[in-house]
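Step one of this worksheet: look at the structure below.
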Amino acid sequence: MDIFSILLNLFTPSVFLVVFAGVLVGIVVGAIPGLNGAIGISLLLPLTFTMEPQIGLLLLGGIYMGGMYGGSITAILINVPGDVVAAPVAMEGYPLTQQGRAKEALYYSIFSSMFGGFIGVLVLILFTPPLARFALQFGPAEMFFVSLSGLIIVGALSGSILKAALAVLLGLFISTVGVDMITGSERFTFDSLGLRSGISVVPVVLGLFCFAEMFLNIGKKPSEQVQYRDQKISRMTVIKDILSQRFLVWKSGLIGTVVGLLPGVGTTLAVFMSYGDAKRASRRDIPFEQGNPDGIIAAESANNATVGSSMVPLLALGVPGSPTSAIIAGALVIHGIVLGPSLFVNRPDVAFTFLYGMLLTVVAMTIIGAIGIKYFSYILKIKMEYIVPTVLVFALFGAYSLRNSLFDVFIAIILGIAGAIFKKMHVPLAPIIIGVVLGPLIETNLARAMRIAGARNMPLWEYLLATPLSKGLVALVVIMLLVVIRMRHKEKIAAKEVKNA
Amino acid sequence: MKTNLTLLLSAPFLLAAAGTAQAQDYPTKNIQIIVPYSAGGGGDTVARIVADRLGEELGQQINVVNREGAGGEIGIDEIARSDADGYTLGVFGYPDNFVLEHTRDTSFTFDSLDYLAAFDDMPMGIFASPNSQHNTLEELVSYGQEHPGEMIIGESGALGLLHALAFAERSDMQITPIRYSGGGELMNALLGNHIDLASTSSMSHDPIVDSNGKPIGFAAEERMEMFPDVPTFKEQGLDLVMGVSRVLVAPAGLPDDVREALVAALDKISTNEEMITNFENSAIPYRYLDDSAVNEMLEKSNSVLMPVIESNLDQINGN
Amino acid sequence: MMLTVAPLPTNACAQMLSNLILGVIVLLSSIFFYLQTTDLPDRSALFPQYILWGLAIVGVLLIFQALLEGRKKAAKEELEARREARVQFNDILIFQVMVPGGLMLVAYGLLLSVGFYPASAFLVFTIYSYHAFRIDAENLNRALWVRAVIFAFVITLFMYLVFTLLLGLPAPSGALF
């Protein structure tokens, strides 16, 4: 079967139906706090058993793509990121909403998601084999340096550096709770079975971003609420503006693509990295965290770019790169499809239909998003008295659903209380999430590196710097550190000038 | 108006009460199967294939619920604690429960569960990295004995480590085990030549071999039908048989009629060709054992595993 | 960037006090958790110990920073502002954090004992009424209770229909559901 006839196969009603349905489900589960694409996919997994494999795959791929976007809607409108990856979008998008520019923020988000989605999928189509080989180069040493560079991003966020350090250390500490992966010993579990399984990132996000935000909204009078305003702004204006930011969307899409390739690192790091970089490079005269659209462009294009690239190791090697792609792998094997290099030889119909079909999921997402935005922003018309209780119970359910764990619900509530206090004390919340995500990566990879170095009788630093790639990554870490210091310095001077004037 | 509202509000409660009152013919409501791992792996796949068929056979929807955490301990604990009414079942890879029970302070024991059936028999195996100079067990062992502690073996899961340790012990080698959080991460490390060997189940065979990784041997009694080219350890002179078997369990103490209904349904679906095809497609070697056969198998296997666990307990805990 | 009922206590004095408290709490809890690590095998203890050292240092620096700020002679009106800010902060702490947090914990207790749906109805009802109460205590009248009950019922029913019946997602179950 040649590529042309495969492409023709894509243009059938059933494919369109499945892709649109998948994307829609994805957007909805993504927007509900606590639920995300992975949950949506595992829900609909049994449905795909009876479908043709490529159709079932596209259904799941659509959920994955839509889920990455959906989280940004609630993030922009009510400052509640539906998922971890939407946290930076909330930091820029919600201030825009407060300025009455919700519609514009939503346009930025959907069209950046579109560009990011296309970049990721095109990379998947064009460069899967070489990129898969590249991803394999990342061993313990390389992963350690990548995670370190993620920590440095924290310095680029605004606010007191001391409190940012406090937040990131707190996040790292939270990540050490539970049965230690390397030795199996229990840390800070106080004999609780719940704590043994550790504290995962979703309840932390729900607590810090969703519960805390809702608590502080209680008692807000309708007049204090952000008012719904039908903004006169055309889609083309926003698209043109996205493209006129030199390289921004392409660079962010590429950061998402490359970081998304790395197994286990996940989308969170990619999103914060491109957000931090956008802050460095932004040419707009608007401070970050006060509604700079560049932050939305960077974060949204990066997270949708990871959808395509996290499938690269899956399709090329049969090694899933993210929890979501692991579930998609599960759906494939049931159909007897062996993932890995032989996939493109044995089942080109499945492989190519899926690859090119993923482009359709981006199209579907864009159409649903661009049309739906008008209706999404009606959320702003709803009074706070209805929003707060509704978001709280949905998040309560979401906290449970991730691992079907009551303990996670408890953790989310406790962190909600803590998060509201932190907010009042000006302790930034995003670094906590970065710490929780990166903690296990830093610890396990360093531990592995120490053990391998020990077994090979070489000093640790020699093992860490053994490959050209790891040397390059060290350079990256150093450069990032310098850039962050310079950014901080500039901000300080700017702040002084404001004070003097 | 007020009375109507009260009635409306209490309706769900009344319905729920009615539901419990007539729980005569099992099953009358949805059943859930707890899987103590995250979605997407081998154990999860088995659970979903079986849930699909079993649900059809029993005429009720069966939901698969993933309760991962602490190497399976959280989920297995939850299965053992559930009400023994037949509405909560579990699927996991034996001997995870047995290894956990004897290496950690778990609140469940082997007898907290009622083993109703086993669906597969998947041996563990050792694979070498693509860049490795060793293609056979013999080459590998002689190198390992000359360079004690230098060879690095990746493993994941309770059984992965046990298998790696037993492999080293029986072949008189000292090797350095390194822990990975899941099969995917482990494969990545092996294929990227960051580790020398991997201790994982035969399910990983295809992706590893496709990327030029080398299968050294399987810890099976005899060669597998699926992979006739891979030798067993036994035929290479190493006495090591160890594998995973996905079992379907219920909390101990099921009412007799419920247990009978479940066992009969399981026996009935065990020959369903579509289900068997699903297993084979997923590279899971299908082997059905009914409730008496599975208990016999488990008892035998426990007595083989116990000494291995005991002699490696220090390494497992202190590793 | 934050929208809250009360304006933020932005003056340096209120910050100073809260930084001092924060610093002390961080320092004390890092010492507490550090003591927990001493029984662990070295390889498990290493990473958390580094983090806790870091936290302790941050705690000390926060205390120092706060004390340095505090030593600057405070003008009279600043003292006044400080007191006002403190009152405001306590107000937020009690009414915006402790009360809703407490309600969530009660809902969690209900979740454990009677199941998700009764707990969800309870939570919607109480948060809805509490919201009205915070705007104006006069709001608590019969009409509001009725609205709260109906709203709680509708939301709970909606979640039941979508999550349990349509999607078959498992909800935490208790004695009743």
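Structural remarks
- Residues satisfying the stated conditions in the stretch A:165-188, i.e. surrounded by fewer than 21 Cβ atoms within 10 Å (Cβ to Cβ) and either more than 9 Å from every other protein chain (Cβ to nearest Cβ) or hydroxyl-bearing (Ser, Thr, Tyr) (or both): A:183, A:185
- Comparison of B:250, B:265, B:283 shows that the only residue that is assigned by TED's automatic domain parsing to the domain that holds residue B:37 and on the phi > 0 side of the Ramachandran plot is B:283.
- Odd one out for residue A:205, checked against (1) closer than 30 Å to residue A:401 by Cα; (2) modelled with pLDDT of 90 or more; (3) of a type in the set (Val, Ile, Thr): (2)
- Taken over the stretch A:322-366, residues that are under 18 Å from residue A:122 (Cβ atoms) and facing chain B (nearest Cβ under 9 Å) amount to 1.
- For the stretch C:76-98, taking the residues that are more than 8 Å from chain A (Cβ to nearest Cβ) and hydrophobic (A, V, I, L, M, F, W, C), the one that is farthest from the chain's Cα centre (by Cα) is identified as C:79.
- Residues of the stretch A:215-250 that turn out to be surrounded by fewer than 20 Cβ atoms within 10 Å (Cβ to Cβ), charged (D, E, K, R) and touching a helix residue (DSSP H, G or I) at 6+ places or on another chain (Cβ under 8 Å), as a count: 5
- When each of A:395, A:399, A:412 is tested for being farther than 16 Å from residue A:198 by Cα and assigned to a helix (DSSP H, G or I), the lone residue that passes is A:395.
- Output for the stretch C:54-76, where each listed residue is buried (at least 16 other Cβ atoms within 10 Å of the Cβ), at pLDDT below 90 and more than 13 Å from residue C:20 (Cα to Cα): C:74
- So residue A:128, is it over 27 Å from residue A:240 (Cβ atoms) and β-branched (Val, Ile, Thr): yes
The rows are residues; the columns are (1) within 22 Å of residue A:411 (Cβ to Cβ); (2) part of a helix (DSSP H, G or I); (3) in contact (Cβ under 8 Å) with a residue 40 or more places away in the chain.
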residue	(1), (2), (3)
C:94	no, yes, no
C:104	yes, yes, no
C:110	yes, yes, yes
C:123	yes, yes, no
C:129	no, yes, no
C:144	no, yes, no
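- Top-ranked residue in the stretch A:300-356 [being under 25 Å from residue B:181 (Cβ atoms) and hydroxyl-bearing (Ser, Thr, Tyr); ranked as modelled with the highest pLDDT]: A:306
- With respect to (1) in contact with a helix residue (DSSP H, G or I) (Cβ under 7 Å, 6 or more places away or on another chain); (2) in contact (Cβ under 8 Å) with a residue 40 or more places away in the chain, the lone exception for residue B:78 is condition (1).
The values are calculated or read from the model by the stated rules, or taken from the named source; none is laboratory data. No experiment lies behind these values; they were computed from the predicted model shown. Cβ atoms come from the backbone with ideal geometry, glycine included; neighbour counts cover every protein chain shown.
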